[in-house]
Amino acid sequence: MLLDRTHRRWAVGCLLVTLLASAVYLPYHIAGEHGASGGTAIGLAYGSAGLALMLYAGALGLRRQFPSWRLGRGETWMRGHLWLGLLIAPMIVFHGGFRLGGALTTLLMVLAAVVILSGMMGVALQQVLPRLMLEQLPLETVYEQIDDVVAQLRTQADELVAAVTGPLPVPPPTTRRGWRLRRAGPLPTTQVRAARRRRPRRRSGRCCRPARGTVRRGRRRPRREDTGRATWR
């Protein structure tokens, strides 16, 4: 997702929430006997806010699994996933009072930091890589379409040469599907005749009709006399 003007409100909102949480944390940390603690009411509030933000960030994958659910726009979900996911870091840090705690809490903090940093790196790459690919790879194509693209480039080259030297004495190239590509001019007469000779004749499954006046085996054909009556022979 590219960061444009539509992200300005989200960025400002996240900054204000961070400043408000910091303003609440400072007197709470100073008033505490041993500093901030996750077991107090304010510490639990920070932890609950961080948990809610984690659930929201993970709900984006669930929404992608069920696109038919009309739960807001996809762009809004992506912006919320980006900016509200950044709020997880200050909320969790305020919850723990800038202390890692035991082995389990340390592992969870490290995993959360890795997820947040990887998301920030992905957003940064999205701002740079598409522009570089557009500048350095302007003619990139899909692997399955390479044969068709090469055939089109060959046809364009033949058209440029034919515009200078006249029609080329070669048949037009064909793509993988067998469709003949367009040429600048008509084919020479000799090639048309050769193509007609190589064209297989169509064979019909019907038997040949008998000559006029003959009778098929097993059937009788009436013969009309001058009187107009039908007689059998």
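The values are calculated or read from the model by the stated rules, or taken from the named source; none is laboratory data. Since the structure is predicted, the reported quantities are computational estimates derived from the model, not experimental observations. For neighbour counting, all protein chains shown are included, and Cβ atoms are generated from backbone atoms with ideal geometry for every residue, glycine included.
Here are the numbers:
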quantity: Residue in region 97-104 that is at pLDDT 90 or above and outside any helix (DSSP H, G or I) present; calculated: no
quantity: Odd one out for residue 52, checked against (1) assigned to a helix (DSSP H, G or I); (2) in contact (Cβ under 8 Å) with a residue 24 or more places away in the chain; calculated: (2)
quantity: Cβ-Cβ under 7 Å pairs, at least 6 apart or on other chains, region 15-43 side within 27 Å of residue 82 (Cβ to Cβ), far side surrounded by 14 or more Cβ atoms within 10 Å (Cβ to Cβ) and modelled with pLDDT under 85; calculated: 25/36; 43/36; 43/37
quantity: Verdict on residue 75 being assigned to a helix (DSSP H, G or I) and surrounded by fewer than 10 Cβ atoms within 10 Å (Cβ to Cβ); calculated: no
quantity: Any hit, region 84-93, residues being over 21 Å from residue 21 (Cα atoms), in the same structural domain as residue 10 (by TED's automatic domain parsing), touching a helix residue (DSSP H, G or I) at 6+ places or on another chain (Cβ under 8 Å) and of a type in the set (A, V, I, L, M, F, W, C); calculated: no
quantity: Selected residue (only one of 37, 22 is surrounded by 13 or more Cβ atoms within 10 Å (Cβ to Cβ), hydroxyl-bearing (Ser, Thr, Tyr), under 24 Å from residue 111 (Cα atoms) and assigned by TED's automatic domain parsing to the domain that holds residue 114); calculated: 37
quantity: Test: residue in region 126-136 that is modelled with pLDDT under 90, in contact with a Gly (Cβ under 6 Å, 6 or more places away or on another chain) and assigned to a helix (DSSP H, G or I); calculated: no
quantity: Contacts under 8 angstrom Cβ, first residue in region 129-154 being within 30 Å of residue 2 (Cα to Cα), partner loosely packed, with under 10 Cβ neighbours inside 10 Å, 6 or more apart; calculated: 133/140
quantity: Check on residue 77, within 25 Å of the chain's Cα centre (by Cα), farther than 22 Å from residue 120 by Cα and not β-branched (Val, Ile, Thr); calculated: no
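One line per residue, one yes/no per condition, for (1) touching a residue at least 60 places away in the same chain (Cβ under 8 Å); (2) under 29 Å from residue 36 (Cα atoms):
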position	(1), (2)
67	no, no
72	no, no
98	yes, yes
104	no, yes
109	no, yes
112	no, yes
